[in-house]
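Comments concern the structure below.
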Amino acid sequence: MNSLDSLYQQVILDHAKARHGDRDLPDADASHFERNPTCGDEITVSVRLEPGTDRIAGLAWQGDGCSISMASASVLTDMAVGRTVPELLTLTEAFRTMMRSRGVGEPDEDVLEDLVAFHGVSKFVMRVKCGMLAWVAAEAAVREASAAR
């Protein structure tokens, strides 16, 4: 393992241990539950939009699963708050593209920021859903919150 892979592995482990956003969001505009039947990971992502806008004012999640899924949810929390719904959907699609790459190519760190740590996960097809679980739930929650406006 090279030093960059080691650094990325450490980012995932750090987020899995210190789970940012792992809490209830009682004033959420929408929540969405996702489950990975292959490994049993479960997560509910809740989102609150700023009144009268499509800007994400709050995002929280509750769930249980492997280090990859919990770390991905933690990074999601850090990256979602303050973005608009379209910005988050664009970021989600960029992350999805990287996760489907099977480790080929170089991810754009300017776009993906800490999500590049999951590039190595994309080499393991069975773990891709673990990394995407929170993002799929967030995608559905922000779409629901936007539609209700």
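Read the figures in this text as sums done on the coordinates, not as results from a lab. Since the structure is predicted, the reported quantities are computational estimates derived from the model, not experimental observations. We place every Cβ from the backbone using ideal geometry, glycine too, and count neighbours over all the protein chains shown.
Quick notes
- Rounded to the nearest 10 degrees, the angle from helix 3-17 to the longest Cα principal axis of the chain is 40 degrees.
- Taking other residues whose beta carbon is less than 10 angstrom from the beta carbon of A57, and scoring Lys, Arg as +1 and Asp, Glu as -1, yields -1.
- Per-residue ellipticity at 222 nm from helix content only, as computed over the chain with -39500 (n - 2.57) for each DSSP H run of at least four residues, stands at -15500 deg cm²/dmol.
- Of the residues V75, V111, V136, the one whose Cα sits farthest toward the positive end of the charge dipole of the chain, with +1 on the Cβ of Lys and Arg and -1 on the Cβ of Asp and Glu, is V136.
- Dipole magnitude (debye, nearest 20) for the chain, charges at Cβ of Lys, Arg, Asp, Glu: 420
- Between helix 125-147 and the chain: long-axis angle, C-alpha atoms, 0 to 90°, nearest 10: 20
- Degrees separating the helix 85-99 axis from the principal Cα axis of the chain, which is the longest one: 20
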